[in-house]
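Have a look at the structure below, then the notes.
Read-outs: derived from the displayed coordinates by stated rules, not from any lab. What you see is a predicted model; the values in this text were computed from it and never measured. Cβ placement follows ideal geometry from the backbone for every residue including glycine, while neighbour counts extend to all protein chains displayed.
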Amino acid sequence: MLLIRKMWLDMKGVIRTARKKINTELEPFDLTGIEGDLLFLLITGSNNLRQEQLAEQLDIGKAVVSRAVDSLESKGYVIRTRHTIDKRAYVISLTDKALKISHCITDIYDNLYNIARTGIADKDFIFVESLLSRISKNLQHNGDNSD
């Protein structure tokens, strides 16, 4: 039972500390953590993602994504347009303002990643990433072995 408690507290600590660092770094751009996460996905993945895709990839609710996109749109970082095929869906695209700070956004997340990797050998860190991915899948499928 103590192992579960320690693991739970460690995981919460990692997320809390990472969020705190990201939020502090995003403040000069007048961005919240979720707004930074959305921009990071659009910058590093593929621009022009549907809101539903953003919600899925970040594993957050559609309403949270919608509010964050509203805020990013009002700040001039993204534009929201109707999907060409599915008129019910919106596509989120980066503006020139977002592209101008894109290197700053990626640097913030890259820096956090590098801090997390400090003192950890590449093979060990790759193993940790793989392990966390498996844990995430286990939790998402609630123990269902359908994969």
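When all alpha carbon pairs of the chain are counted in 10 Å bins from zero, the resulting P(r) reads 10, 33, 33, 20, 4, 0 %.
Quick one: which of Lys21/Lys137; Lys97/Lys123; Lys21/Lys97; Lys62/Lys123; Lys100/Lys137; Lys97/Lys137 span more than 31 angstrom between C-alpha atoms? Kindly include the intermediate steps, with their values, before the conclusion.
Values: Lys21/Lys137 26 Å; Lys97/Lys123 38 Å; Lys21/Lys97 23 Å; Lys62/Lys123 36 Å; Lys100/Lys137 35 Å; Lys97/Lys137 36 Å.
With Cα atoms farther than 31 Å apart: Lys97/Lys123; Lys62/Lys123; Lys100/Lys137; Lys97/Lys137.
Other residues within the sphere of radius under 11 Å centred on the Cβ of Phe40, judged by their own Cβ, net out at -4 (K and R +1, D and E -1).
Sparse packing (at most 16 other Cβ atoms within 10 Å of the Cβ) combined with a DSSP loop state is found for the following trypsin sites (Lys or Arg not before Pro) in the range 48-138: Lys75, Lys87, Arg88. For the chain, the relative contact order is 21 percent, taking Cα pairs closer than 8 Å that sit 6 or more residues apart in sequence and dividing their mean separation by the residue count. Cα convex hull, the range 74-147: 185 Å³ per residue, rounded to a whole number.
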